[in-house]
2 protein chains.
Amino acid sequence: MKVLAILYNGYTAAEEEPRLLGTVENKLGIEEWLTSQGHELIVSSDKEGAESDFQKHIVDAEVLITTPFHPGYLTREVMEKAKNLKICITAGVGSDHIDLNAAVERKIQVLEVSGSNVVSVAEHVVMSILLLVRNFIPAHEMIERGDWQVSDVARNAFDLEGKVVGTIGAGRIGYRVLQRLLPFDCKELLYYDYAPLPAAAAEAVKARRVEDLKEFVSQCDVVTVNCPLHEGTRGLVNKELLKHFKKGAWLVNTARGAICDKDDVAEALKEGIINGYSGDVWNVQPAPKDHAWRTMKNPLGAGNGMARYANGTRSILENYLTDKPQEPQNIIVGLGKYETKAYGQR
Amino acid sequence: MKVLAILYNGYTAAEEEPRLLGTVENKLGIEEWLTSQGHELIVSSDKEGAESDFQKHIVDAEVLITTPFHPGYLTREVMEKAKNLKICITAGVGSDHIDLNAAVERKIQVLEVSGSNVVSVAEHVVMSILLLVRNFIPAHEMIERGDWQVSDVARNAFDLEGKVVGTIGAGRIGYRVLQRLLPFDCKELLYYDYAPLPAAAAEAVKARRVEDLKEFVSQCDVVTVNCPLHEGTRGLVNKELLKHFKKGAWLVNTARGAICDKDDVAEALKEGIINGYSGDVWNVQPAPKDHAWRTMKNPLGAGNGMARYANGTRSILENYLTDKPQEPQNIIVGLGKYETKAYGQR
């Protein structure tokens, strides 16, 4: 049996680190096991064009293995050359690199490692939401280049608390995102999905379903995309839908690059329709060096943390001027004595 | 009455954005209110050295207002010149820029806007933990410079799930961090504090107290610092304590820069004793352009997500080779038909 695996090159990192299994070098850790049974394993990262290893070996391979990070794109055309192909295994989650309708017709099975990434992606989504809302990247860049201009960062830094966050897709990943967002005291958690969550599951994360997508995005401060890519979701977030976004909303896409229209998103960001975009998926992968999402930047807004301490300062001053008692929790040193234990006084 | 406010310059950002209240330009929004009552308000960012506005005006000011981001450092020496000073107001949280013992002796009150930042900091901590553990910055930088080398990032990217996270300090901020970490299914949440949490509060976040600090850090994959700076915590995280950290642990400090020894932390990172450091506090502020923390980088480790999909791939292949049934949730396309609804088939 001939097994063809299209993986990515790990180079030195993969040579030094055998746990980097998804690389050409480490061959998913299956080489010895397969060859000892007399099977043939071909591994390559070369996947584009008719002369690629991918198209050369697909002709007589019985099994195709590929990852979503560096997929061999199995179009209907390529499939027609693959006379022996019986099974496609996605080493990861998401088989949109395969023409599934063609696979159905040709009785080629498609399997993926379901659930292998759900926690990783949910964590990545929460991280992405926080770093967009809190305006982390401009702050980090400012520090690295040696500057110190607090207001340039603060003007567009907000708290997640009190914001409306909505997920397109409330499946295994989207639901885990909602679970992790629950203690952040968002104003509301919303979801858009073709089916409603079971009542108990929705109640557990206090999430409300919005059935109309335009209506859904118009209510969200943050939209996170957690649905598969298929005919119905390709280009779902496009110029037309972006018109219905709240002005200054943030968009997170960790699902598939092609669900969001590249140019429409870049333009919406430039025009301030959205305030930020974060994603780790690209249409196609590897992303071209000049892909607009690599370097696009957001315009500016204004933060919300400052009002609290400015108002609090005025209130303390007002109490002092009018001889009113101060709020006990604000007093560090009263008249001639510590009022708090927080500064090391026990 | 003379009120002296030491704030930071917001420049254009503050002129464009009146909500940037904590700036010299926008004067905490209290100028009109104060002056209309006949008081004098002096606002400046100039705070270093004997010739600074800070030291010039502190001589006859009755009220000093300053922010933790750009503090006027009120040492015992400076306080001796401040003959009229009756009250210091910290526009924010954390009054370590004031010699509190000297304030007690001189019956100068110290107040801060307690709680004004607790949610913001807790969110920042969770964001920082996620971006360290998930190795976000190297990935972001790689994308921006036009590269695509997945394994260089993946080798040091992990999930937060299954990790041990501990907070030094379980007060208003530390506790909110624990609340927000709860749904991430960490292996364990720990805290170190001079007093135990009330039993119900500890139970609500499933946190365990470790009384000895060295013992505490030796159990943590992630240590987050959420205690005030005072005589007992200055330089708390130093070379000696870092020896007791788990190899490759991550350190987050959003409390005060001086709680962590600058050079010891930079050295521990360089030597791989810790895997990463994230913080937004500096000793002193503004941080000098050559402060080691601005640009220090972590060495490399190895990620954990790949084992799941590599093992899953092998398992699917094994089922195929031995003619065993596949796990139903892994089947996208079975023999000649879709087995999932996730790809748009209803």
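Values for this structure:
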| read-out | value |
| --- | --- |
| Some residue of the range A:186-202 being on the phi > 0 side of the Ramachandran plot and in the same structural domain as A:D159 (by the TED database) | no |
| Breaking point among (1) assigned to a helix (DSSP H, G or I); (2) facing chain A (nearest Cβ under 10 Å); (3) hydrophobic (A, V, I, L, M, F, W, C); (4) under 21 Å from B:R256 (Cα atoms), for B:A195 | (1) |
| Total residues in the range B:3-35, condition under 20 Å from B:A61 (Cα atoms) and of a type in the set (F, W, Y) | 2 |
| Count of residues meeting criterion [within 9 Å of chain A (Cβ to nearest Cβ), part of a loop (DSSP other than H, G, I, E, B) and more than 24 Å from B:R256 (Cα to Cα)] in the range B:163-190 | 1 |
| Where a residue in the range A:177-205 is free of Cβ contacts under 8 Å to residues at least 12 places away in the same chain and its partner, wherever it lies, is among the basic types (K, R), with Cβ under 8 Å and at least six apart | A:P183/B:R180; A:Y194/B:R346; A:A202/A:R208; A:A202/A:R209 |
| Residue satisfying all of: in the range A:139-162; at the interface with chain B (Cβ under 8 Å from one of its Cβ atoms), in a helix (DSSP H, G or I) and of a type in the set (A, V, I, L, M); nearest to B:W293 (Cα to Cα) among these | A:I143 |
| Some residue of the range B:45-62 being modelled with pLDDT of 95 or more, of a type in the set (V, I, T) and not in a loop (DSSP other than H, G, I, E, B) | no |
| Every pair of residues 6+ apart whose Cβ atoms lie under 6 Å, when the first sits in the range B:38-58 and is in the same structural domain as B:E25 (by the TED database) and under 10 Å from B:L4 (Cα atoms) while the second is in a loop (DSSP other than H, G, I, E, B) and among the basic types (K, R) | B:F54/B:K47 |
| Number of the exception - B:Q179 against (1) at pLDDT below 95; (2) polar (S, T, N, Q); (3) surrounded by fewer than 24 Cβ atoms within 10 Å (Cβ to Cβ) | (1) |
| Breaking point among (1) crowded, with 16+ Cβ neighbours inside 10 Å; (2) assigned to a loop (DSSP other than H, G, I, E, B); (3) aliphatic (A, V, I, L, M), for A:L41 | (2) |
| Residues of the range B:115-138 satisfying the condition of being over 22 Å from B:K187 (Cα atoms) and surrounded by 20 or more Cβ atoms within 10 Å (Cβ to Cβ) | B:S116, B:N117, B:V119, B:S120, B:V121 |
| Residue count, the range B:1-35 (criterion: among the hydrophobic types (A, V, I, L, M, F, W, C), within 7 Å of chain A (Cβ to nearest Cβ) and either assigned to a strand (DSSP E or B) or surrounded by 22 or more Cβ atoms within 10 Å (Cβ to Cβ) (or both)) | 5 |
| Count - residues of the range A:141-159 that are in contact with a strand residue (DSSP E or B) (Cβ under 8 Å, 6 or more places away or on another chain) and under 20 Å from B:F184 (Cα atoms) | 0 |
| Qualifying positions in the range A:237-274 - in contact with a Leu (Cβ under 8 Å, 6 or more places away or on another chain), within 14 Å of chain B (Cβ to nearest Cβ) and not basic (K, R) | A:W250, A:V252, A:A255, A:A258, A:I259 |
| Selection within the range B:81-138 - more than 17 Å from the chain's Cα centre (by Cα), outside any loop (DSSP other than H, G, I, E, B) and at the interface with another protein chain (Cβ under 7 Å from one of its Cβ atoms) | B:I87, B:I89, B:L100, B:A103, B:V104, B:Q109, B:V110, B:L111, B:E112 |
| Residue match in the range B:207-226 (condition: within 14 Å of chain A (Cβ to nearest Cβ) and modelled with pLDDT under 95) | no |
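To keep it simple, each residue is scored yes or no on (1) at pLDDT below 85; (2) more than 30 Å from B:K27 (Cβ to Cβ); (3) touching a Pro at 6+ places or on another chain (Cβ under 9 Å).
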| position | (1), (2), (3) |
| --- | --- |
| A:S278 | no, yes, no |
| A:V281 | no, yes, yes |
| A:A287 | no, yes, no |
| A:G303 | yes, no, no |
| A:I316 | no, no, no |
| A:K324 | no, no, no |
| A:G334 | no, no, no |
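The values are calculated or read from the model by the stated rules, or taken from the named source; none is laboratory data. Computed from a prediction, not measured in an experiment: that's the story for all the values here. A quick note on method: Cβ atoms are made from the backbone with ideal geometry, for glycine too, and the neighbour counts reach across all protein chains shown.
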